[in-house]
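Take a look at the structure below.
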Amino acid sequence: MSLLSWNLHGNGKSVKDGEVVKPDERLAWPLTIGVGVQHIAAMFGATFLVPIITGFPPSTTLFFSGIGTLVFLILTKNRVPSYLGSSFAFLAPIAAAKASGGVAVALGGVVATGVLLALVGVIVKAVGIGWVNWLLPPLVTGSIVMIIGLNLAGAANNNFKAAPITAIITLASVALIGALSKGFLSRISIFGGIVVGYAYAALQGDINFDGVKAAKWFALPTFTSPSFDMNAILLFLPVVLVLIAENVGHVKAVAAMTG
């Protein structure tokens, strides 16, 4: 498979029960784009929430998230369907580093974590994954991935309280679309629920479009040079272990689903 091409799965319009669209396959382009739009909707909340909580510019986070994903797909020759978003494992060390040294020092810790994680990748490439499986068995990686999801319950609860009717309509729409619709629509029930919930919120006047109207069509993100402080970097070292478990867990889950 070349980097930017996929084999068509069956007729490209349907997936039989028990079948999986594998990493080197795709559906017809309209359906592929539909699944991609749903994935953007599903990942956007968490990827956007981390910079809001940490005080980093969201546009810069999204920019480097996109760059990181493209680099990842190139390095893996497009064989691993994965998006590289924000990790909630960074919240505590970023908060501590910002309190002691500011944004630049916190960024230095993030960069150092990325370099260390890349070195782990080089080691795995050289000696294999056996030591990671020994250090982080499925019980550990599965628990970490589950805990990451459960940690978002607080944010979901706060958002629910902020607009309970909209939240109920959105949640009910996702459930009903997934349960009652057939074919491709049931596979993008999350996106369908978001559309219904957003439309309801807009009709109720709960959405402020002033920021959208004032935003530039094209603009560069805000960039800040990192500053490296060893004391701050030490705060980020435990994050490397969490990220290894998180990524291994996610890749194993995708592997289990796609074979």
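The values are calculated or read from the model by the stated rules, or taken from the named source; none is laboratory data. The structure displayed is predicted, hence computed values, not measured ones. Keep in mind that these areas ignore ligands, DNA and RNA; they rest on the heavy atoms of the full protein, side chains included. Shrake-Rupley method; radii C 1.70, N 1.55, O 1.52, S 1.80 Å.
The calculated 222 nm mean residue ellipticity attributable to helices in the chain amounts to -22500 deg cm²/dmol, summing -39500 (n - 2.57) over DSSP H runs of n ≥ 4 and dividing by all residues. At a 1.4 Å probe radius, carbon and sulfur cover how many percent of the accessible area of the chain? Ligands and nucleic acids excluded, carbon and sulfur give 71 percent. Listed values for the stretch 69-74 are Karplus-derived 3J(HN,Hα) couplings in whole Hz (6.51 cos²θ - 1.76 cosθ + 1.60, θ = phi - 60°), namely 5, 4, 4, 4, 5, 5, and x replaces Gly and Pro. Phi angles of the stretch 114-122 translate, via the Karplus equation with coefficients 6.51, -1.76, 1.60 and θ = phi - 60°, into HN-Hα couplings of x, 5, 5, 5, 5, 5, 4, x, 4 Hz per residue; Gly and Pro are given as x. Working note: Karplus 6.51/-1.76/1.60 with θ = phi - 60° gives the stretch 184-191 the couplings 5, 4, 5, 7, 10, 5, 5, 5 Hz, where Gly and Pro are set to x.
Evaluated over the Cα positions of the chain, the convex hull gives a direction-averaged projected area, one quarter of its surface, of 16.6 nm². When nucleic acids and ligands are ignored and a 1.4 Å probe is applied, K77 ends up with an accessible area of around 120 Å². Note on the chain: GNM, Cα springs under 10 Å; of L180, L62, L84, the largest mean-square fluctuation is that of L180. Using only protein heavy atoms and a 1.4 Å probe, report how much of V71 is accessible, in Å² to the nearest 10. Here the residue's solvent-accessible area equals roughly 70 Å².
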